[in-house]
Amino acid sequence: MKIIKITGSISSPKYEYWKSQWEDQSELDEFSYISDVVNPEDALMFCKVLFPDFVFHESGVFLESRFTIEAFSSWMETCNNDVVAVEKVLNHMHLYDVFGGCRERVDEAVYEQLCRIVAQSWRMVLLSKFPEKKFCVQAIVSDQEYGPVVTFSQRSEEHTSELQSQ
């Protein structure tokens with residue numbers, strides 16, 4: 001038997017606190033927590049982040065939730081008509097903004113784990129919906145950003161051949 005973990009181990013102070021309230025913790029796991037605490041409507045809404053809708057426009061692939069013709073045109077001008085550069089800008093999602101209405105303090109490690117999971121999901125979705133294209137999906141955790149960020153863009157031809165020659 002071989003166990004194949006997709007998300008790795010998940011660490012959440014809120015989950016650990018919930019678990020600590022039970023006398024017998026031997027049967028408790030993430031699914032017990034979901035059954036007891038998580039609202040299915042919230043989980044369903046978050047699926048829009050994990051499995052986003054896309055816009056295919058002028059050879060570019062963009063998050064539908066972030067795309068407008070006006071923004072695209074403006075960024076094309078700024079980026080010297082480089083569609084890949086525009087993808088990097090318009091497909092840039094800050095997780096702090098996704099959960100902007102969260103009133104309680106959330107451990108930074110939770111955002112970082114979510115960032116990696118969203119990036120992993122986007123890789124799978126992009127591969128499924130655009131099998132002929134090559135994408136670079138990034139989970140960025142950096143002091144240079146406003147919290148963890150997920151972004152994607154197509155791999156440019158030069159970049160793809162550089163990667164293949166390494």
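The values are calculated or read from the model by the stated rules, or taken from the named source; none is laboratory data. Predicted model, so just to flag it, every value in this text is computed and none were measured. We place every Cβ from the backbone using ideal geometry, glycine too, and count neighbours over all the protein chains shown. The area values use the complete protein model at the heavy-atom level, side chains included, leaving out ligands, DNA and RNA. Shrake-Rupley method; radii C 1.70, N 1.55, O 1.52, S 1.80 Å.
Of the peptides 133-140, 29-36, 70-77, the ranking by mean beta-carbon count within 10 Å, highest at the top, reads 133-140, 70-77, 29-36. Of the solvent-accessible surface of the chain, computed with a 1.4 Å probe and all protein chains present, 52% belongs to carbon and sulfur. The residues of the chain expose on average 69 square angstrom of accessible surface per residue, using a 1.4 Å probe on protein heavy atoms. Loop-located trypsin sites (Lys or Arg not before Pro) in the stretch 1-45 (DSSP state other than H, G, I, E, B) with a sparse environment of at most 11 neighbouring Cβ atoms within 10 Å: K2, K5. Restricting the trypsin sites (Lys or Arg not before Pro) of the stretch 46-110 to loop positions (DSSP other than H, G, I, E, B) with no more than 15 neighbouring Cβ atoms within 10 Å leaves R103, R105. Pairs exceeding a 27 Å alpha-carbon distance, out of K5/K88; K5/K129; K48/K134; K48/K133: K5/K88. When V89, V141 are compared by accessible area at a 1.4 angstrom probe, the order from most to least is V141, V89. Taking the centroid of alpha carbons for each part, the stretch 20-35 and the stretch 99-140 are 26 Å apart.
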